[in-house]
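The values are calculated or read from the model by the stated rules, or taken from the named source; none is laboratory data. Note that the structure is a prediction, hence the values are computed from the model and not measured. Virtual Cβ from ideal backbone geometry, glycine too; neighbours counted across all protein chains shown. In case anyone asks, the SASA skips ligands and DNA or RNA and just uses the protein heavy atoms, side chains included. Shrake-Rupley method; radii C 1.70, N 1.55, O 1.52, S 1.80 Å.
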Amino acid sequence: MTPEQRDAAFAMAGQEMEYRVELFNKLVGACYEKCIDKKFKDGELNVGENSCVDRCAAKYWESVAIVGQMLGAQGNAPS
Amino acid sequence: MTPEQRDAAFAMAGQEMEYRVELFNKLVGACYEKCIDKKFKDGELNVGENSCVDRCAAKYWESVAIVGQMLGAQGNAPS
Amino acid sequence: MTPEQRDAAFAMAGQEMEYRVELFNKLVGACYEKCIDKKFKDGELNVGENSCVDRCAAKYWESVAIVGQMLGAQGNAPS
Amino acid sequence: MDPAMLDGFPEEDKAKMMGMIEAMQTRDSLKMYNNLVERCFSTCVQSFRRKTLEKDEERCVSKCCEKFLKHSARTSVRFAELNAQSMQQMGGPPQ
Amino acid sequence: MDPAMLDGFPEEDKAKMMGMIEAMQTRDSLKMYNNLVERCFSTCVQSFRRKTLEKDEERCVSKCCEKFLKHSARTSVRFAELNAQSMQQMGGPPQ
Amino acid sequence: MDPAMLDGFPEEDKAKMMGMIEAMQTRDSLKMYNNLVERCFSTCVQSFRRKTLEKDEERCVSKCCEKFLKHSARTSVRFAELNAQSMQQMGGPPQ
């Protein structure tokens, strides 16, 4: 590996990590809005919230795949 | 050009690019909110949406100029 | 100080600054939403808006401390 | 950025600048990907009785994405025109 | 990121990568801190007649924070599972 | 950041740090510019029957901008006071 290739590999790994972290953060934010009761009487998640969060995460993940396919089809897939 | 001046030129060019990309992204987001019907029966933009998008872009651009003048007048123009 | 330690010190100082700037920007945004009348008849802040902004800033600051304690208690304090 | 800006720079600087632009584009397209998912998910997915998308939610996410990309493409043409116009009129974009 | 990705790299590269990951984690936790304050403040604080938090506002900020952290922890377990699943099924995450 | 933090650093480090601060300030002011346009455009512009701003939309964007800048300036004074206060009380800002 030349130094340039190594730098490029580092940059790519960094961007991949940032993408993952961002994906996670957006999933957390979206499912928080969808599932969590904002009255905050209690600091615990109740049963309904817990199962909503699980389903929400799975559905978000499915949406990532759909959008990825659409971007790929249009030739602007991110990778 | 000294190496320091060259680094500074690179940094400035990078920030200028980031500003442009951000401007574009915000324009896209703002006009999407203003113009696009969110029922998504269809994947195409209709005539009304298309002309709304064109006018929205022009009006956003005009707003950029107004805000730029205001910032300049206050002595905190970005450049 | 070794060069590595110096680089680490720079990186930390940079992140600390970014955190401060971000904190300020979010405070400005949150108190703008809470306190400022969006009719924009006038370019001045009126008496009510001014005192709302002052109290809002103080309350935001208090909230930073509460959240910081909670994060600390959970062992994910940022520093 | 106007590539002419790079005229007169040594070759290695041009290469560095091109690398910078490329890295920025990769980052932006990944960011756009994440934003698009967030946007269409939030608009389209409302029920959480099952852990897979309903047929109409799936269709909505897909149409939302298609429509956003078309909107974005059209806007990018307008953006280039407005940019070109203000270069002519004022010797530069509003900044 | 899969640490196995680093196999075969010279030691100094691994150290550099680890430093990069660490810097990213610090930055993200500071960002998360700011986002959490903004989120809970905006939801919980509504009155501005005094310059200190009302008792119920204080309680709300604290419960909001606790609940968000629990939500985030649970989601991170689900996220890891979904990640692992799609690695198996498709040889990689959706990207 | 407290400039005193730089005491004892060699001159070239101080210069580097100052450069870092300057770059950050440029970036932040450009970001603020973009955010301000987005904010005031979204609040003030509602009609899309013509491709130029209506007189009252133009006035609204301008007043919105003026008001935001005044709000931001006032907040920055309060921010500095709160910072100074918590430095005294706790030997540091809440973090």
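Are any of the pairs D:K31/E:K63; B:K26/C:K26; A:K59/D:K31; D:K31/E:K16 more than 27 Å apart by Cα-Cα distance, and if so, which?
Details: D:K31/E:K63 31 Å; B:K26/C:K26 18 Å; A:K59/D:K31 20 Å; D:K31/E:K16 24 Å.
Pairs exceeding 27 Å: D:K31/E:K63.
Quantify, in whole percent, the carbon and sulfur part of the accessible surface of the stretch C:3-75 (1.4 Å probe; protein heavy atoms only).
C and S fraction of accessible area: 53 percent.
With a 1.4 Å probe and every protein chain left in place, work out the accessible area per residue of chain D in Å², rounded to a whole number. Display every interim value, and only then the final one.
Working: 5230 Å² over 95 residues.
Solvent-accessible surface per residue comes out at 55 Å².
Using all alpha carbons of chain E, what is the percent of pairwise distances in each 10 Å bin, ordered from the shortest bin to the longest?
13, 26, 28, 18, 11, 4, 0
Which residue fluctuates the most in chain E, going by a Gaussian network model with Cα springs under 10 Å, if the choices are E:Q25, E:Q85, E:Q46?
Ranking E:Q25, E:Q85, E:Q46 by mean-square fluctuation puts E:Q85 first.
Write out the trypsin sites (Lys or Arg not before Pro) in the stretch C:1-70 meeting two conditions: DSSP loop, and at most 15 other Cβ atoms within 10 Å of their Cβ.
Of the trypsin sites (Lys or Arg not before Pro), the ones in loops of the stretch C:1-70 whose Cβ has at most 15 other Cβ atoms within 10 Å are C:K38, C:K39, C:K41.
Using the C-alpha gyration tensor of the protein assembly as shown, what are the square roots of 5 times its eigenvalues, in whole angstrom, with the largest one first? Walk me through the numbers before you get to the answer.
Values: eigenvalues 193, 193, 191 Å².
Semi-axis lengths for the protein assembly as shown are 31, 31, 31 Å.
Per-residue ellipticity at 222 nm for the protein assembly as shown, helices alone: DSSP H runs ≥ 4 residues times -39500 (n - 2.57), over residue total, nearest 500 deg cm²/dmol?
Computed ellipticity for the protein assembly as shown at 222 nm equals -27000 deg cm²/dmol.
What accessible area per residue comes out for chain A, rounded to a whole number of Å², with a 1.4 Å probe?
That works out to 46 Å² per residue.
List the distances, in nm to one decimal, from the label point of F:K55 to the label points of the same position in every other copy, shortest first, placing each label point 7 Å from Cα along the Cα-to-Cβ direction.
5.6, 5.6
At q = 0.12, 0.27, 0.28 Å⁻¹, what log₁₀ I(q)/I(0) does the stretch C:3-75 have when each alpha carbon counts as one equal point scatterer in the Debye sum?
Debye curve over Cα of the stretch C:3-75, log10 I(q)/I(0) at q = 0.12, 0.27, 0.28 Å⁻¹: -0.51, -1.16, -1.19.
For label points placed 7 Å from Cα toward Cβ, what is the shortest-first list of nm distances from A:P3 to its copies?
For A:P3, the inter-copy label distances come out at 1.1, 1.1 nm.
Springs between alpha-carbon pairs under 10 angstrom, Gaussian network model over chain D: which of D:K31, D:K14, D:K63 fluctuates most?
Per the Cα network of chain D with a 10 Å cutoff, D:K14 tops the list.
Can you give the accessible area buried between chains D and A, summed over both chains, with a 1.4 Å probe, in Å² to the nearest 100?
Buried surface at the D/A interface: approximately 2800 Å².
If I take the rotation axis that carries chain A onto chain C, which residue of chain A has the nearest beta-carbon, and at how many angstrom?
Of all Cβ atoms in A, the one closest to the rotation axis yields A:E18, 9.
Return the unpartnered cysteines for chain E, using a Cβ-Cβ cut-off of under 4.7 Å.
E:C65, each lacking another Cys Cβ under 4.7 Å.
Between the stretch E:1-70 and the stretch F:10-39, what's the alpha-carbon centroid distance in Å?
If we compute the Cα centre of each part, the gap is 23 Å.
Under 16 Å Cα to Cα from F:K51, which aspartates and glutamates show up? Leave out anything in the same chain fewer than 8 places away.
B:E49, B:D54, B:E62, D:E81
Measuring label to label, 7 Å along Cα→Cβ, what does A:Q69 give against each other copy in nm, shortest first?
Distances to the matching label points in the other copies: 5.1, 5.1 nm.
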